[in-house]
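**Student:** Just passing along the structure, written as structure tokens.
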Amino acid sequence: MTVLLGALPLSLLAPLSSAQAAPSVGIDCVAIYAPAGAKLPGQPQELHLKNYGCGQEADRLNSARAARVMIKMWEHRDYTGASVELKAEGAEARCDGDGYRWSSFPDGWNDWVSSFRTYQSCTYVRLYEHVETSGNCKAFYDDQSYVGDDWNDKASSLRAQSVSRNC
């Protein structure tokens, strides 16, 4: 038997799991990534998620860790709505020709990106449809106020570097 609350089944009011949850409207998040092992010549630096938080937790992460913003993504076009800064730890955190690889986004950001800005010479970005930089890919140059109808809310991973690369 389904219990109704107003006109909605109570089962529909249950919170989403953290893997499904979208960022709260207008909230700023920070994701700090650390190098995943030694960087190999000619390969991007693999990164793994070390810390992630939104709102006050994002403020705490910003004040407690030395990490540089590499990419900032927003849920809506024109850099609006909830946002997440993808940061890399280490004083050498600056894009080169090999760049960086984010094999997945923090919880709630899979298939959620509509616009982004680039930092630290990470001007060439490739968005990927699936995690582990797999599936369809689209290459972008510099800041994107809108990723286009074909990529809106479809990206699950990315690579960024200082030189142009094809998908």
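Readers should treat all values here as calculations from the given coordinates under stated rules, not as data from a laboratory. This one's a predicted model, so the numbers in the text were calculated from it and none came from an experiment. Neighbour counts run over all protein chains shown; Cβ positions are idealised from the backbone, glycine included.
**Student:** So which GluC sites (Glu not before Pro) in segment 70-133 are both in a DSSP loop and have at most 11 other Cβ atoms within 10 Å of their Cβ?
**Tutor:** 92, 132
**Student:** Related question: Only Lys, Arg, Asp and Glu count, each charged at its Cβ (+1, +1, -1, -1), so figure out the dipole size of segment 24-161 about its Cα centre, rounded to 20 debye.
**Tutor:** Roughly 380 debye for segment 24-161.
**Student:** Still on this structure: Place +1 on the Cβ of every Lys and Arg and -1 on the Cβ of every Asp and Glu in segment 24-161, take the dipole about the Cα centre, and give the residue among 109, 37, 84 whose Cα lies farthest towards its positive end.
**Tutor:** About the Cα centre, the residue reaching furthest to the positive side is 37.
**Student:** What is the dipole size for segment 118-167, taken about its Cα centre, with +1 at each Lys and Arg Cβ and -1 at each Asp and Glu Cβ, in debye to the nearest 20?
**Tutor:** 220
**Student:** Using Cβ counts within 10 Å as a stand-in for footprinting exposure, how do 163, 113 rank, fewest first?
**Tutor:** In order of increasing Cβ crowding within 10 Å: 163, 113.
**Student:** Here's another thing I want to ask about it. Using the per-residue mean of other Cβ atoms lying within 10 Å as a proxy for protection, in what order, highest first, do the peptides 51-62, 142-153 fall?
**Tutor:** Output ranking for 51-62, 142-153: 51-62, 142-153.
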